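Right, I'll just put the structure down here and ask away after.
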Amino acid sequence: MSLRLRLTILYSALTGGILLIFGILLYSLVNILLVTQVDTTLNQTANDLLLGWRVGPAGELSQETLPKLNLTSFVYYQIWDKNGRLVSSSPGLGQINQPFDPVGYQLKRAIYRNSLVQKVHLRVLNVPLDAGGRPIGTLQVAASMSMVDTTRQALVQTIIIISLSAILFAATLSWFFIGQALSPLVHITESALRISGADDLSQRIPQRGAQNDEMGRLVTAFNDTLGRLEQLFTSQQRFLADVSHELRTPLTVIKGNADLMRRMKQVDEESLDSIEDEADRMTRLVGDLLLETQAESGKLPLHFAPVEMDTLLLEVFKEMRILARERVQIKLPEIDQILINGDRDRLKQVLINLIANAIKYTPQGGEVFLSLGKVGDNARLIVRDTGLGIPAEDLPHIFERFYRAEKSRTRSKIGGFGLGLSIAYWIINHHGGRIEVDSAEGKGTTFCIYLPLLKTSGNSSKE
Ligand code: ADP
C-alpha cells in the first residue's frame, strides 16, 4: 500500500473518529434536553391535575373542579383508584382502559418510564396517590414521544450524512494535498533511478519549491552526496588511470632492457641499473598505495611514544642533504628542543615526504629551509623552498589522494603518485595536529606543521 494511500486512510479515519465522538455527544445532549422537556411537561400536568381532586372519607376519589389543563393532543392522563378501576382519563389515547405503563403502575412510586401502548411510544409519569399514608390510586400522565423520536431520527440521519460527507471530503483533500506534498519525493526517486540507471553521477536533482523545507533539504543533502560520490569516483578513476600509466612506463622499460640483453646475449650493467630503478619506483608506488589504503580504512597503526622532534629533524636533515647533493641547498637555521607524543616512524615519513617534495620541485641552485620552534602549546615545523611553487588552483587539492598539480608531472621524472601529502595529512591529523601550505608560483612553497607539545615536567627547551 502506498504511503499516500496509507496517510489518506489515516486522516479519513481520524476525521471519522472525531465526528463519531462529536455525533455521539451531540445526540446524547439533544436527547437529554428533549426528554427533560417532556418530563417537565408531564410533571407540570400531574401537579395541575391533582389540584382538582378530592379524597372522600372512604378513600374514594372525586373530581371537585375541572382542571385548567393545557392538554395538547400529545399529553394524556389516567386516574386509577385503589381497586384498579379507571376513574378518569383524558380524551384520545386516554380512553383506552389499560394503564399507559402497566409496569410503572405496579411499582407504586413516582417514576418516569417509556412505554409502548397500542404501538404508540409514550413517556409516562406514574404518580401513586395516597391519603394519610393509605394508597388510594394511581395517576398516570403520558406524552407521545413521536415528535421526539422523529427529531432523534432526523438528528441521527443528519449526523450520519454530515459525517460521511466530511470523511469523503477529508479523504479527497488528503489524497490531493498528500499527493502534492509527496510529489517531490516521487520526483527525487525518479531522478535517483535515472542517475543510477545512466551511471551518471554528474546529474543533480533540480530544486523545486522552497529550499529550506524538508524536501528542499533532502534534495540538497542528496545532491551533496552525489557531489561527494562524483568526486570520489572521479578521483578513483584518475587514480586507476594514473596507476596504469605509472606502471606501464617502468614495465615497458624493464621489458625493453630485458629484450635488449636477450638479443645481445650478455648482461648489460646500464640495462640492469635501469631495471633496478624502475623496480624501485614500482615498489614505492605499491608501498604508498598500501599505506594509503590502510590509512583510509583506519588500519594504519600508530605507535605513540615521546618523540624528540629536534633529534628526528636532524636525522632527516642529514639524510636529505645526501639526497639533494649539490643540486639544492638544505639549511636548518632554527631548531628548538621539542618533545611530542607521536609515532616516530610515521613522523619521519612525513618529514621525508615534505623535504623530498621541496627538493623535487626546486630547480638546481635553489634552497630549502627547515625550522623547528614552539608556538603556544604547539611545536611548529616549517619546510620552505624557493622552488616552482604550486598553482593557486591546485593549492586547495594537494592534500587529496592521488592529486598532482598537472604541470608538475612533467617537471620531474621522479614525480610521485600524489599520495605522499594525503598520507602526511592523515598522519598529522591523527597526531592531533594540522598541516598548512602557502605557495606562490615561481617563488616557492612553505609547509607548516603544528603538533601538540608533550606536557611533561621533563619537557625542557633551549628557550
Ligand atoms: P607527489 O608524490 O606527486 O609529489 P604529493 O602528494 O607528495 O605527491 O604531492 C602532491 C602534489 O603537490 C605534487 O604532485 C606537486 O604538484 C605538489 N607539491 C607538493 N610539494 C610541493 C612543493 N614543495 N613545491 C611544489 N609543488 C609541490
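Just need the relative contact order of the stretch 214-294 here, percent rounded to a whole number, with Cα pairs under 8 Å and 6+ apart.
Relative CO of the stretch 214-294 lands at 26 percent.
While we're looking at this one, here's another question. Could you list, bin by bin from short to long, the percent of Cα-Cα pairs of the stretch 3-151 in 5 Å steps?
2, 9, 16, 18, 15, 10, 7, 5, 4, 4, 3, 3, 2, 1, 1, 0, 0
On to the next question. Round to the nearest 10 and give me the degree value, 0 to 90, for the angle of helix 146-198's Cα axis relative to the longest principal axis of the chain.
Helix 146-198 sits roughly 10 degrees off the main axis of the chain.
A further question on this structure: Relative to the longest principal axis of the chain, what angle (0 to 90°, nearest 10) does the C-alpha long axis of helix 3-51 take?
20
In terms of modelled amide H atoms, which long-range or inter-chain residues lie less than 5 Å from the amide H of ILE136?
It is LEU129, ASP130, ALA131, by chain and number.
Which ³J(HN,Hα) values in Hz, rounded to whole numbers, follow from the phi angles of the stretch 217-232 under the Karplus curve 6.51 cos²θ - 1.76 cosθ + 1.60, where θ = phi - 60° and Gly and Pro get x?
Values per residue, Gly and Pro as x: 5, 5, 4, 4, 4, 5, 5, 4, 4, 4, x, 5, 4, 4, 4, 5 Hz.
Relative contact order for the chain using alpha-carbon pairs under 8 Å, separation at least 6, rounded to a whole percent?
10
Over the alpha-carbon set of the stretch 301-462, work out the extent along each principal axis and list the three values in angstrom, largest first.
Extents along the principal axes: 49, 31, 25 Å.
For LYS331, list the aspartates and glutamates whose Cα falls under 17 Å from its own Cα; do not include residues on the same chain fewer than 8 positions away.
Straight-line reach from LYS331, under 17 Å: ASP310, GLU315, GLU319, GLU367, ASP385.
Among ILE96, TYR450, LEU226, pick out the residue whose Cα is farthest towards the positive end of the charge dipole of the chain, where Lys and Arg carry +1 and Asp and Glu carry -1 on C-beta, about the Cα centre.
Sorting the options by dipole projection puts first ILE96.
If Lys and Arg each add +1 and Asp and Glu each add -1, what is the summed charge of the other residues whose beta carbon sits under 15 Å from the beta carbon of LYS455?
Computed value for this residue: 0.
Using the crude model of +1 on Lys and Arg Cβ and -1 on Asp and Glu Cβ, and no other charge, please compute the dipole size for the stretch 289-441 relative to its Cα centre, in debye to 20.
Using only the charged Cβ atoms, the result is roughly 480 debye.
Let me ask something additional. Normalised by the number of residues in the stretch 3-151, what is the relative contact order in percent for Cα pairs under 8 Å and 6+ residues apart?
For the stretch 3-151, the relative contact order is 21 percent.
Work out how far the C-alpha atoms of the stretch 214-294 reach from end to end along every principal axis, then list the three figures in whole Å, largest first.
Here the Cα extents, ordered largest to smallest, are 75, 23, 12 Å.
Give me the Kirkwood hydrodynamic radius of the chain, using the inverse of the mean 1/r over all pairs of distinct Cα atoms, in Å to one decimal.
Kirkwood hydrodynamic radius for the chain: 32.9 Å.
Does the stretch 263-319 come out rounded, prolate or oblate by the C-alpha gyration tensor, with a ≥ b ≥ c the root eigenvalues, rounded set by a/c under 1.5 and, if not, prolate when a/b is larger than b/c and oblate if not?
Oblate shape, in that a/c is at least 1.5 and b/c is the bigger or equal ratio.
Which residues' amide hydrogens lie under 5 Å from the amide hydrogen of VAL87, considering only partners 5 or more residues apart or on another chain, with H built in the peptide plane?
For VAL87, the qualifying residues are ILE79, TRP80, ASP81.
Then there is this: Rule-of-thumb check for the stretch 1-59: C-alpha Rg over 2.2 N^0.38 Å?
2.48
On a 0 to 90° scale, report how tilted helix 309-324 is relative to the longest principal axis of the chain, with both axes built from alpha carbons and the result rounded to the nearest 10.
Roughly 50 degrees between the two axes.
With each run of n ≥ 4 DSSP H residues scored as -39500 (n - 2.57), what mean residue ellipticity at 222 nm is computed for the chain after dividing by its residue count and rounding to the nearest 500 deg cm²/dmol?
-18000 deg cm²/dmol
All of the numbers you see were taken from the coordinates with simple rules; none came from a lab. Since we're looking at a predicted model, the values are computed, not measured. Methodologically, a virtual Cβ is constructed for each residue, glycine included, from the backbone with ideal geometry; neighbour enumeration extends over all protein chains shown.
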